[in-house]
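Values in this text are rule-based calculations from the coordinates and carry no lab data. Since the model is a prediction, treat every value here as computed from it, not as a measurement. Glycine also receives a Cβ, built like all others from the backbone with ideal geometry; neighbour counts cover every protein chain displayed.
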Amino acid sequence: MLSAAAVTSAVIAVGGFAVPAQAAQGKAHEAQSLPVIATSSYAGYEFSTRDFRYIHAVISVPNQAAPVLTSPDRRAGSPPAGVPAGFQYPQAYIQLSNGSLASGSSYARTGVENCAVAENLDPGFVCPTGVQWVAFIETFINSAGTPAFSHFVPLDANPGDGIGFSIYYAPQGQGVAFTLYTPSGAVFTIQTAMPGALFDHAAGLADYTNSTGTPIPLPVGTQQFRLTQFQQGAVTTDSGDKGSWSGPWVTSQIEATSNGLAFPLGTVEASPSYLWTDGAVANGAARNSDAFGVWERD
């Protein structure tokens, strides 16, 4: 794994885009005519039944608005015993993958994570003083057995700020280009080889795998709250068909439950809101159903 300093001598610090607020909070189990995939540690939306070459989103830096529990007595306070400060936040990212979630032989992802998670993934990386969040870039090829490339960019950002990301897979094995969009209009791009990759899934996810493993249950009676938002969603298939979080493919809702089983067999702990429309232009057009929030549930 490479830290930011291994690629560039400049520390890139960016603030967040202004992200429009969503009026409707959404509920965990209102009817929505989309398939649901239950997991233990993921929440968001995933797209399948086509091959994909591009995905874009403005991702809000995650919030941790509700009390974090201590273990084992469920009182509000510091993170659970043995969990470093910051680990209660999920990673929030977009992804192209071969197979659903992380089950396939390869993936390319980029998004936002807390410094505690970044430093754990790359012991050679140390967040600058006063920085809590980083942008990360990662590819995985199964034959290598470990992430093939990882890059951490310190962000001058706070929870709720929006940072722009995109992933583009060039045809004929030319590699994957990751782009970070700063509020000033500057861009930061890294390209890496992924020979033979074929991405039959794409996704926007909040992922607890590298933090607490699963969402930390809220105290009884605690109000649900929004962890993050994915706006300006844009996806392109390998054949050039464009859409938002909906398009000429199957869109599935991903929920994190207490046991990895779908409600009502499992209790929903994190799940996405309805798809909604923010009116912003992405990938050449403003499209409906281009935004959603991920919520920590009861």
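Tabulated values for the structure
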quantity	calculated
Unit charges on C-beta of K, R, D, E only; dipole of segment 255-298, Debye	140
Relative contact order %, segment 207-295, counting alpha carbon pairs below 8 Å whose residues are six or more apart	32
Under Karplus coefficients 6.51, -1.76 and 1.60, residue-wise ³J(HN,Hα) of segment 202-217 in Hz, glycine/proline x	9, 6, x, 9, 9, 9, 8, 4, 9, 10, 7, x, 9, x, 6, x
Net charge contributed by nearby residues that have their C-beta within less than 14 Å of Pro147 (K/R +1, D/E -1)	-3
Integer Hz, Karplus 6.51/-1.76/1.60 couplings in order for segment 46-63, x for Gly and Pro	10, 10, 8, 6, 9, 8, 10, 10, 8, 8, 9, 6, 9, 9, 6, 4, x, 9
Whole-Å semi-axes of segment 108-177's equivalent ellipsoid (Cα gyration tensor)	24, 16, 8
Under 10 Å, Cβ to Cβ, from Ser60 - net charge with Lys/Arg +1 and Asp/Glu -1	0
Rounded to whole Hz, the Karplus (6.51, -1.76, 1.60) HN-Hα couplings of segment 286-292, x for glycine and proline	8, 10, 5, 6, 9, 8, 7
Calculated FRET efficiency for the pair Val187/Asp241, C-beta based, R₀ 35 Å, to 0.05	0.90
